[in-house]
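Notes follow once the structure below has been shown.
The values are calculated or read from the model by the stated rules, or taken from the named source; none is laboratory data. Predicted model, so just to flag it, every value in this text is computed and none were measured. Methodologically, a virtual Cβ is constructed for each residue, glycine included, from the backbone with ideal geometry; neighbour enumeration extends over all protein chains shown. These area figures cover heavy atoms from the full protein model, side chains too; ligands, DNA and RNA do not enter into them. Shrake-Rupley method; radii C 1.70, N 1.55, O 1.52, S 1.80 Å.
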Amino acid sequence: VAAENRLTKQEVMDLVEPIDSIPVNEGDVVTMGVDQGKGIHVVVKKQMPDGKLAIVYLGIHQNFEDLDGLMTKYRVRRCVIDALPETRKAREFANRHKGKVFLNFYNINQKVKPKWDEEKLMVEENRTESLDFSHNLLKMKMTIIPRGLEHIDEYADQCSKVAKKLEEDEETGSKRYIYVKLGPDHFRHADNYATLYWMEKETMPRIRSL
């Protein structure tokens, strides 16, 4: 896999700043991404004054009920949670925080911006385009990671476990880029979900233009 199409663990570790934590204050724009798998992986981010996104929390939980406390503690404005495999539990969580929590479904036909459905509590986005966006946030050093967080090593490792490659349809000859899994990648997708809110925001013009 070409180096430019895959993050290395060291590139992510290089984003770690010599500060123990970044506080969340009233009025901050905070987002949360949740990926289901072997444990519930959580990434919480807020936007800094310079436009960068800072990770304020990394966690691995076993119970969906833990997510309610995180929503309150970090004043989460928008949360995206993987809809599978525990769709019922995810939807119950979304119903407890209507207007703030959305179940995620990747949709190959969705282009440019995520499609938010307030009634169905769902969001759809193009998998490759969204992963491109969150990849660039890390690659271009637009992400800050305080050294005091738990799970930094695991987060950095899992961010390196997806890579972009060109896929060709054997029947039609058509080509498209896809991201392939190279190992455990739950934190990478939780990071992606935490970033969806920012794909359409004018506060991040450099990333949007890529």
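Using per-residue counts of other Cβ atoms within 10 Å, averaged over each peptide, order 149-158, 175-184 from highest down.
Going from most to least packed, we get 149-158, 175-184.
Convert each backbone phi in the stretch 182-194 into a coupling constant with the Karplus relation 6.51 cos²θ - 1.76 cosθ + 1.60 (shift: θ = phi - 60°), then list the ³J(HN,Hα) values in order as whole Hz, x for Gly and Pro.
So the Karplus estimates, Gly and Pro as x, are 10, x, x, 9, 4, 5, 5, 6, 4, 4, 4, 5, 5 Hz.
In the chain, what percentage of the DSSP-assigned beta bridges are antiparallel, given to the nearest 5?
Roughly 65 percent of the beta bridges in the chain run antiparallel, per DSSP.
Roughly speaking, to the nearest percent, how much of the chain's 1.4 Å accessible area is carbon and sulfur?
Answer for the chain: carbon and sulfur cover 47 percent of the accessible area.
Order of 98-104, 70-76, 164-170 by packing, highest average Cβ count within 10 Å first?
Descending packing order for the listed peptides: 98-104, 70-76, 164-170.
Please list, ordered by chain and number, the residues whose modelled amide H lies under 5 Å from the amide H of LEU182; skip anything fewer than 5 residues away on the same chain.
When sequence neighbours closer than 5 places are left aside, the close amide H contacts are VAL162, ALA163.
Quick check for you: with a 1.4 Å probe and neighbouring chains kept, what is the accessible area per residue of the chain, in Å²?
Accessible surface, normalised per residue, equals 50 Å².
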